[in-house]
Structure formats: structure tokens, C-alpha cells
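Each remark here refers to the structure printed beneath this line.
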Amino acid sequence: MTTQNKEYQSIINNIRHFFDAKENDFIPLHAPNFKGNEKKYLNECIDSTFVSSVGPFVDRIEKDICNYTGSKFAIACSNGTSALHIALKLSNVEHGDLVITQPFSFIATVNAISYCGGIPVFVDIDEHTLSLSPEKLKTFLENECEISNNSCIHIKTQKKIKACVPMHTFGFCADMDEINRICNDYRIAVVEDAAESLGSYYKGKHSGIFGKFGTISFNGNKTITAGGGGVILCQDENLAKMAKHLTTQAKVPHAWEFFHDQVGYNYRMPNLNAALLCAQLEQIDQFLTEKRTLSKQYENLFSQYANLKFLTEPENQQSNYWLCSVLFPNKEERDTFLKMANDQKTMCRPGWELLFTLPMFENHCVMTDCSTAIDIQSRLVNIPSSPYYPRL
Ligand SMILES: Cc1ncc(COP(=O)(O)O)c(C=O)c1O
């Protein structure tokens, strides 16, 4: 074994030790924990027969999410992707419009743009937040766009830029003050993809409440889960009403009549999922504390290796440390570590493939300088980040 590989072996041993893993135990990247009222609420839900998209747990989770995030309104959805789709529709993204986002994100961010017929503009990420870079955003808008008739126009394509979707990567928040200020100057709506950042705070306020809309995911791999679920956050009563209407098949409320005033979507969160989520949200403080403790252990561990960098929360923020990340010196080293760890049942994975390299976007996007994203993507590894084990 080379000295380098000996170092990696020692790191893997330490990770396994943090999770109290026996020789053949598999350590997942992120697994849910159901030690609270989950079964009780699910039984209540089943006994009530209200398992579908209307029910008391749906009403309760919308209130609970407002209380937790400080958002004025919350609309529970079937998942984070559907929540983002509706947020973009209500930001007037239409066929042929441009939408700015980052190339380093999960596919759902750009899929939601595509569902509206929008075309992504890929703007680079910041090396500390791993999220949309306000500097690169400003450079792109100043050099390649202009305001005409109160809209932002991309000069080369003559298309309108309707929205900007920063994504709070792995729980680190984008610099929302700067992004809001720049987008406001250019008349661009901000929709935060906060899928990964429940429990993350920027300058003391919860992520997802800075933009016109924010959307969160409650997929099984997230900090808390509904099985599948999402939520739209917004601060405007009319927009909240429209979001609820669109996600409910655009049905005009009536005790027995079926009148739908536009094309709507079956995007509401079922009561069954909301029941699970209510129980999960009750435990979020404990999950977050456990994740912070784990992140400190990792920080101490990786501080012993000059060639590796454990990523810690950016200034003025409190991260949920949804997925902990380490930067390797280069792609080859990253791949050596990935192979060693995964061979030893210690689930680690690289960051997502950059979105502009995927077949449906490579010739269907506006590209800008994405050198930071290219560098980070080639060197980053996510390491096991579940909160549940061994301390819970
Ligand atoms: C950045 C990002 N956006 C959107 C989503 C979509 O959420 P969902 O899987 O609930 O549709 C996810 C996660 O799954 C995500 O990580």
C-alpha cells in the first residue's frame, strides 16, 4: 500500500469507527431515522381513512413548516421537484424563457425549468458556499444582458431572463443578500431551491424565505423525510393561494361541483406522507445537533491531512450539514478514495455530473465561465452524514 492509500485506509477506519460499524456493516450516505411518533401518526392517519391529499396532517405540517422556517405561507407538495415546477410557473417562466441556475446541482433543479419550457443559463458556483456565485452572476448580467421594457434580455439570444434559481448545496446557503440585490436590479425573480437546506440559516434567517419562492424536499435521503414530499415557501398571500390552487388540479373549491379554471397539477402532499413528516419535524433539533457533532468529528479528522479539505459552513451561516463534503487534490485521488471506501461498505459518492454535460442540456443552454464548478466537481466526495448513529 502506498503512503497515500494508508492515509485513506486510516480515514475509512475512522469513519467506520464514528458510526460504530462492525466489519460487515454497510454505512449509507444518509439514512432516515424513525424513532419518534411516526408509527403513532401513521396509524391515526390510516384509522381516519383520510390518507390522500386532504387531511389534518397536511394542514398541520403547513403550519409547522411556517413556524419552523419563519415563512408566512407554506404549501405542501408531492415532492421537491413539483414544488419547484409550480414556483417557476408562478414566476412566469414560459416556453423559450431563460432561467439562471448553477451547473452543480441535482437534476431536479433543471428538470423543473424544462417542465416550464425554460432554457437554463449556467452560472458558476462560489468555492466556499458551493452555491450560485453572486460575482459570476453580476459579471454575466453586466456583460451579456440589458434591461428593456422592464425585462432582462440576454443580448445574444434576445430571450427574456425570467428567474434565477440559486441552490443551497448540501446545506450551505448561497449569498442571498447579494443575489437578491443583483436580481432585483435586473428585474429577475429569485426562486431558492432549498431542497437540501431545511435547518440551514443565512444571517440568522432560515433558507428558502429570501426569494419570491423557496422550495424544500422531504425525499427519503433528506434531513427529515415524508417518504416523498416537498413544500413551497412564499411570503405573498396571493401567490400562496395561486400555488395551492395550481397544485390542487386548479379546482375551484365547491362542496360537490367539479369546476377547474385552468390546467392544474395533482401535486398535493398526501395526508399519509404529512403524518410521517409531522413526526419527523418534531425531532429536527436532535437530528441537527447530531449532524453538527458528526461534522466536528470530521473536521478534526481531516485537519490532520494537509492535502484534504473538509468543507465547513461559510461565514454568517449555520449549516444543517446535510451531506458532509471533502475536497481531494485531484480526480485520480478522489477516485482512489471512492473505490476504497465503497469496497469497504462505506458509502461515499462524487458530486453530481455538471448539468451542462448532460445530453438534453449540452446544446440547449446558455454557458458562462464555470471553472470553479468544473474544479470542485472533479475533486469533491460526499461522506456518510446520517444523524442517527451511534448517538441516537
Ligand atoms: C437540489 C435539489 N433540488 C430538487 C430536489 C428534488 O426533490 P424531490 O426528490 O423531493 O423531488 C432535490 C432532491 O431530491 C435536490 O437535491
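The values are calculated or read from the model by the stated rules, or taken from the named source; none is laboratory data. Since the structure is predicted, the reported quantities are computational estimates derived from the model, not experimental observations. Cβ placement follows ideal geometry from the backbone for every residue including glycine, while neighbour counts extend to all protein chains displayed. In case anyone asks, the SASA skips ligands and DNA or RNA and just uses the protein heavy atoms, side chains included. Shrake-Rupley method; radii C 1.70, N 1.55, O 1.52, S 1.80 Å.
When every Cα-Cα distance of the chain is counted in 10 angstrom steps from zero, the calculated P(r) takes the values 5, 23, 31, 25, 13, 3, 0, 0 percent. Legend: distances between Cα atoms for K89/K251; K89/K241; K39/K241; K309/K331; K35/K296; pairs beyond 20 Å are K39/K241; K35/K296. Averaging the sequence gap over all C-alpha pairs within less than 8 Å and six or more residues apart, then dividing by the number of residues, gives the chain a relative contact order of 24 percent.
Taking only the alpha-carbon atoms of the stretch 148-282, what semi-axes of the equivalent ellipsoid follow from 5 times the gyration tensor eigenvalues under a square root, in whole Å, largest first?
After scaling each eigenvalue by five and taking roots: 28, 24, 12 Å.
In this structure the amide hydrogen of C145, modeled in the peptide plane, comes within under 5 Å of the amide hydrogens of I155, none closer than 5 places in sequence on its chain.
The stretch 176-234 and the stretch 1-48 have their alpha-carbon centroids 27 Å apart. Kirkwood-type hydrodynamic radius, the stretch 8-76: 15.8 Å, calculated from all non-identical alpha-carbon pairs. So who's got an amide H within less than 5 Å of the one on D97, skipping anything under 5 residues away but keeping other chains? H placed 1.01 Å off N, in plane. For D97, the qualifying residues are I119.
Calculate the translational D of the stretch 203-315 in whole µm² s⁻¹ from Stokes-Einstein, where the hydrodynamic radius comes from the Kirkwood formula applied to all Cα pairs, the temperature is 4 °C and the viscosity 1.567 mPa s.
Approximately 74 µm²/s, per Stokes-Einstein.
Report the residue, chosen from Y201, Y305, Y321, that carries the largest GNM mean-square fluctuation when the chain is represented by alpha-carbon nodes joined by springs under 10 Å. Its mean-square fluctuation being the largest, the pick is Y305. Among beta bridges identified by DSSP and lying wholly in the stretch 207-356, the antiparallel ones come to about 90 percent. Centre-to-centre, using Cα atoms only, the stretch 312-332 and the stretch 123-167 are separated by 25 Å.
S82 sits with roughly 10 Å² accessible to a 1.4 Å probe, with DNA, RNA and ligands left out of the calculation. Taking K and R as +1 and D and E as -1, what net charge do the other residues with C-beta under 14 Å from the C-beta of G220 add up to? For residues surrounding G220, the net value is -1. For T248, the solvent-accessible surface computed with a 1.4 Å probe is close to 60 Å², ligands and nucleic acids excluded. Counting every C-alpha pair in the stretch 220-277, the share spaced more than 13 angstrom apart comes to 67%. Within the chain, DSSP assigns beta bridges of which about 65% are antiparallel (rounded to the nearest 5).
Rounded to the nearest 0.05, the FRET efficiency derived from the C-beta distance between R349 and N143 at R0 = 30 Å is 0.25. Mean separation of Cα pairs under 8 Å and 6 or more residues apart, divided by the residue count, gives the stretch 294-392 a relative contact order of 33 percent.
Estimated at 0.36 nm per residue, the fully extended path between N43 and N13 surpasses their Cα-Cα distance by 6.7 nm.
In percent, rounded to a whole number, the relative contact order of the stretch 136-220 is 24, using alpha-carbon pairs under 8 Å and six or more apart. Computed from backbone phi with θ = phi - 60° and the Karplus coefficients 6.51, -1.76 and 1.60, the 3J(HN,Hα) list for the stretch 112-119 is 4, 5, 5, 4, 8, x, x, 10 Hz; x is used for glycine and proline. Ligands, DNA and RNA left out, the accessible area of the stretch 38-281 computed with a 1.4 Å probe is 52% carbon and sulfur. For the options I188, I11, I113, a Gaussian network treatment of the chain with springs between C-alpha atoms closer than 10 Å singles out I11 as fluctuating the most. The gain in end-to-end length when the I155 to F26 segment is fully stretched comes to 41.2 nm, 0.36 nm per residue minus the alpha carbon separation.
Extension gain, Q304 to F34, is 93.7 nm, computed as 0.36 nm per intervening residue step minus the present C-alpha separation. DSSP beta bridges fully contained in the stretch 178-280 are about 70 percent antiparallel. Proximity of backbone amide H atoms, modeled 1.01 Å from N, is registered between K159 and H154 at under 5 Å, excluding neighbours fewer than 5 places apart on the same chain.
Note on D335: accessible area is roughly 60 Å² with a 1.4 Å probe, heavy atoms of protein only. Restricting the calculation to Cα atoms, the stretch 242-392 shows an Rg/Rh of 1.11 when the hydrodynamic-style radius is the Kirkwood one. Using a Gaussian network model on the chain with a 10 Å cutoff between Cα atoms, which of T289, T215, T357 fluctuates the most? Of the options given, T357 has the highest mean-square fluctuation.
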